[in-house]
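Undergrad: Just dropping this structure here.
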Amino acid sequence: MKFGVSTFITDQGIRPAPLGAALEERAFDSLFIAEHSHIPVKRESPYPRGGELPEMYYRTLDPFVALAVIATVTERLLLGTGIALIPQRDPFHTAKEVATLDLVSGGRAVLGVGVGWNREEMRDHGADPRTRGRLTDERLGAILRLWTAEKAEFHGDFVDFDPAFAWPKPVQRPHPPIYVGGGEGGFHRVARFGDAWLANDTTPEKLSASLEKLHSVAGRQVPVTVYGVPHDAAQVEGYIALGVERVLFNLPTLPERDALTHLDWLADLAGRYR
């Protein structure tokens, strides 16, 4: 079992550099960070977990800038998005940002992706929530072409471009791993694009019921990373029993001193299973 951390890096919490250094010092293998470009003041989309939308959603730093900073103070830590909102992202810029991160980190970038839930946020980017799944698939296909082809081209309903040069290419071959977030409705996307499933808001019991369907849809055994895991030994042991590759402990958005204390607590739990 591998252990990493998932969190929202904001202007109110620990800064990227001390966070990255602290994670590597405590032998965590990875960091996955969330993104939201903005939160519309008038929002009708309900928060998936219920209740009021936490303030951290309003204040996220740009994930690739933050991860690039962390790359400069770490040597082993995997640097992932959890998740990049592909319907809201230009594929040319996203391909270049991930490839650049992979280059400057020496091959440690992971692109965690999803379709998102905030319909108003999507619409502000010109994305139709009704077709965000198809849009996501085409943009992922385009990103893969930009990473892997010397003269990349793509022709779809939403993404269409003639042969183009796009550099840098990623360090990792054939490309940085893609971790596909979302529930069972996205298993076809895991099958087509995913190097792993990034499962969110689940328990070992819920996950167990989904794994057989995942592997059936994908036609192969798919590695699973679980996002946002609480400090709970019973849950960790449940994930170990299911053969999960990695758990990402949830780190609340906290000032530096409190964040480091919380990381010590999480590292102590992870150490029991290493």
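The values are calculated or read from the model by the stated rules, or taken from the named source; none is laboratory data. Fair warning: this is a prediction, and the values are worked out from it, not measured in the lab. Positions of Cβ are generated from backbone atoms using ideal geometry, with glycine treated the same way; all protein chains shown enter the neighbour counts.
Undergrad: Quick check on Leu211: is it part of a helix (DSSP H, G or I) and within 19 Å of Ala191 (Cβ to Cβ)? Break it down into steps so the answer makes sense when it comes.
TA: Numbers: part of a helix (DSSP H, G or I): yes; within 19 Å of Ala191 (Cβ to Cβ): yes.
Answer is yes for this residue.
Undergrad: For Lys96, are the conditions met, namely being of a type in the set (Lys, Arg) and assigned to a loop (DSSP other than H, G, I, E, B)?
TA: Values: of a type in the set (Lys, Arg): yes; assigned to a loop (DSSP other than H, G, I, E, B): no.
In short, no.
Undergrad: Could you identify the single residue in Gly141, Gly182 that is under 27 Å from Arg246 (Cα atoms), in contact with a Lys or Arg (Cβ under 9 Å, 6 or more places away or on another chain), of a type outside the set (Asp, Glu) and at pLDDT below 95?
TA: Details: Gly141 fails: at pLDDT below 95.
Just a single option satisfies the conditions, and that option is Gly182.
Undergrad: Okay, next question. Looking only at residues in region 78-125 that are more than 12 Å from the chain's Cα centre (by Cα) and hydroxyl-bearing (Ser, Thr, Tyr), which one is surrounded by the fewest Cβ atoms within 10 Å (Cβ to Cβ)?
TA: Thr100
Undergrad: Something else now. Of everything in region 237-274, what is in a helix (DSSP H, G or I), surrounded by 13 or more Cβ atoms within 10 Å (Cβ to Cβ) and touching a residue at least 60 places away in the same chain (Cβ under 8 Å)? Give them in sequence order.
TA: Tyr239, Ile240, Glu256, Ala259, Leu260, Leu263, Leu266, Ala267, Ala270
Undergrad: Sticking with this structure for a sec: Sort out which residues of region 1-49 are of a type outside the set (A, V, I, L, M, F, W, C), over 24 Å from Val224 (Cα atoms) and in a helix (DSSP H, G or I), and write them in order of number.
TA: At the first step, the residues of region 1-49 found to be of a type outside the set (A, V, I, L, M, F, W, C) are 2, 4, 6-7, 10-13, 15-16, 18, 20, 24-26, 29-30, 35-38, 40, 42-49.
Of the ones still in play, those that are also over 24 Å from Val224 (Cα atoms) are 10-13, 15-16, 18, 25, 37-38, 40, 42-47.
Pro16, Pro18, Glu25 - these are the residues of region 1-49 that are of a type outside the set (A, V, I, L, M, F, W, C), over 24 Å from Val224 (Cα atoms) and in a helix (DSSP H, G or I).
Undergrad: Related question: Is it true that Val73 is in contact with a Pro (Cβ under 9 Å, 6 or more places away or on another chain) and within 25 Å of Gly271 (Cβ to Cβ)?
TA: Details: in contact with a Pro (Cβ under 9 Å, 6 or more places away or on another chain): yes; within 25 Å of Gly271 (Cβ to Cβ): yes.
Here the answer is yes, as Val73 does meet what is asked.
Undergrad: Just to be sure, is Leu53 out of contact with any Cys (no Cβ under 6 Å at 6 or more places or on another chain), more than 17 Å from Pro16 (Cα to Cα), in a loop (DSSP other than H, G, I, E, B) and of a type in the set (A, V, I, L, M, F, W, C)?
TA: In short, yes.
Undergrad: I would also like to ask the following. Show the residue pairs that are 6+ apart or on different chains and have beta-carbon atoms under 8 Å apart, the first residue being within region 70-98 and over 29 Å from Ala27 (Cα atoms), the second being of a type in the set (S, T, N, Q) and outside any helix (DSSP H, G or I).
TA: Filtered contacts from region 70-98: Gln88/Ser37.
Undergrad: I've got another one for you. Looking at region 191-199, can you tell me whether even one residue there is surrounded by fewer than 18 Cβ atoms within 10 Å (Cβ to Cβ), touching a residue at least 12 places away in the same chain (Cβ under 8 Å) and closer than 13 Å to Gly114 by Cα?
TA: For region 191-199, residues surrounded by fewer than 18 Cβ atoms within 10 Å (Cβ to Cβ), touching a residue at least 12 places away in the same chain (Cβ under 8 Å) and closer than 13 Å to Gly114 by Cα: absent.
Undergrad: Tyr227 - would you say it is of a type in the set (Ser, Thr, Tyr), touching a helix residue (DSSP H, G or I) at 6+ places or on another chain (Cβ under 6 Å) and crowded, with 21+ Cβ neighbours inside 10 Å?
TA: Values: of a type in the set (Ser, Thr, Tyr): yes; touching a helix residue (DSSP H, G or I) at 6+ places or on another chain (Cβ under 6 Å): no; crowded, with 21+ Cβ neighbours inside 10 Å: yes.
Spelling it out, it is not the case that Tyr227 is of a type in the set (Ser, Thr, Tyr), touching a helix residue (DSSP H, G or I) at 6+ places or on another chain (Cβ under 6 Å) and crowded, with 21+ Cβ neighbours inside 10 Å.
Undergrad: In region 121-156, how many residues are β-branched (Val, Ile, Thr) and in contact (Cβ under 8 Å) with a residue 40 or more places away in the chain? Can you show your working first?
TA: Let us first name the residues in region 121-156 that are β-branched (Val, Ile, Thr), namely 131, 136, 143, 148.
Next cut, in contact (Cβ under 8 Å) with a residue 40 or more places away in the chain only: 136, 143.
Counting residues in region 121-156 that are β-branched (Val, Ile, Thr) and in contact (Cβ under 8 Å) with a residue 40 or more places away in the chain gives 2.
Undergrad: Return a yes/no flag: does region 29-43 have any residue that is farther than 23 Å from Val115 by Cβ and surrounded by fewer than 16 Cβ atoms within 10 Å (Cβ to Cβ).
TA: Here is the first cut: in region 29-43, the ones farther than 23 Å from Val115 by Cβ are 29.
The next check asks that each one be surrounded by fewer than 16 Cβ atoms within 10 Å (Cβ to Cβ); those that pass are none.
No, there is no match, as no residue in region 29-43 is farther than 23 Å from Val115 by Cβ and surrounded by fewer than 16 Cβ atoms within 10 Å (Cβ to Cβ).
Undergrad: Then there is this: Tell me, which residue of region 133-170 that is in contact with a Ser or Thr (Cβ under 8 Å, 6 or more places away or on another chain) and of a type outside the set (Phe, Trp, Tyr) is surrounded by the fewest Cβ atoms within 10 Å (Cβ to Cβ)? Before you say what the answer is, go through the steps one by one.
TA: Looking only at region 133-170, we keep the residues that are in contact with a Ser or Thr (Cβ under 8 Å, 6 or more places away or on another chain), and these are 139, 143, 158, 168-169.
Add one more test, that the residue is of a type outside the set (Phe, Trp, Tyr), and what stays is 139, 143, 168-169.
Details: Arg139: 25, Ile143: 29, Pro168: 13, Lys169: 18.
It comes out as Pro168.
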